[in-house]
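Working notes, structure below.
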Amino acid sequence: MSLWKHSLELIKKGYKSLYKGNDGGVEITLSSIISYIILPIAVITLSSIYRIELGENLVSNILTILSIFLAITLGVIFIVPEKLSKRLENDNSSNESDVNARIRYKNFCKLFIQRLSFVLVLSVIIIIFSIITDFIKGYSIIVLSALILGLFTLSILSILKLIIDIYLFLISDLDNLNRR
């Protein structure tokens, strides 16, 4: 597969993963529709209507924020698969609750990696679009600025989803440990 096909595949799978629960099942809720469809489209539309152009400071701030989040999440991406392999090596129990916990953990790791990859690709697209804004003028810069703001909104919401999922998974895991 080519670079572009892989990138497109990451975007498709990552976007679809935003509509999945931690068990891997599809969970399309009003909240997810508002967060991942309506809000980014509203930001793009309003930015275009009000002709918002990204200035150098705003582009710099967006890139700084993305860099901070990406540095943190990139550090986590190496930890999660390592923890999964260690956990699976050390757990050979055939107890039903242990088997279910392993399945939940695998599903969580898969969704986590898909969502994180999605955020990373979105960030690269935002960076590329931000660089392009330096070379265009007129209405094109307004459209590109609106796209950047919409993608930035989607990436921040996706990062929040990652953080919430990690929190819920860890709390659930701790609750399961307490029950044993």
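Numbers at a glance
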{"quantity": "For LYS20, residues with placed amide H under 5 Å, excluding near neighbours", "calculated": "GLU27"}
{"quantity": "Solvent-accessible area of GLU27 with every protein chain in place, 1.4 Å probe, in Å² to the nearest 10", "calculated": "100"}
{"quantity": "The chain, helix-only ellipticity at 222 nm - DSSP H runs n ≥ 4, -39,500 (n - 2.57), divided by all residues, nearest 500", "calculated": "-28000 deg cm²/dmol"}
{"quantity": "Compactness index (Cα Rg / 2.2 N^0.38 Å), segment 1-81", "calculated": "1.40"}
{"quantity": "Pairwise label distance in nanometres, SER97 with ILE136, each label 7 Å out on the Cα-Cβ vector", "calculated": "5.6"}
{"quantity": "About the Cα centre, charge dipole magnitude for the chain (Lys/Arg +1, Asp/Glu -1 at Cβ), debye", "calculated": "300"}
{"quantity": "Accessible heavy-atom area order of TYR15, TYR167, TYR139, TYR50, highest first, probe of 1.4 Å", "calculated": "TYR50, TYR167, TYR139, TYR15"}
{"quantity": "Span-like helix ranges in the chain, DSSP H, alpha carbon extent 27 angstrom or more, Kyte mean at least -0.5", "calculated": "56-90, 96-132, 139-179"}
{"quantity": "Protein accessible area in the chain, 1.4 Å probe - carbon and sulfur %", "calculated": "66"}
{"quantity": "Segment 121-179, accessible area per residue, ligands and nucleic acids excluded (1.4 Å, Å²)", "calculated": "53"}
{"quantity": "Largest-first ordering by accessible area, 1.4 Å probe, given options LYS110, LYS20, LYS13", "calculated": "LYS110, LYS13, LYS20"}
{"quantity": "Chain lengthening between ILE52 and ILE164 when straightened (0.36 nm per residue, less Cα-Cα)", "calculated": "37.2 nm"}
{"quantity": "Per-selection Rg to Rh, the chain - Cα, Kirkwood hydrodynamic radius", "calculated": "1.05"}
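The values are calculated or read from the model by the stated rules, or taken from the named source; none is laboratory data. Being a predicted model, the structure only gives us computed values, none of them experimental. All Cβ positions, glycine included, derive from the backbone under ideal geometry; neighbour counts span all protein chains shown. Surface accessibility is based on the protein's heavy atoms, side chains included, excluding ligands, DNA and RNA. Shrake-Rupley method; radii C 1.70, N 1.55, O 1.52, S 1.80 Å.
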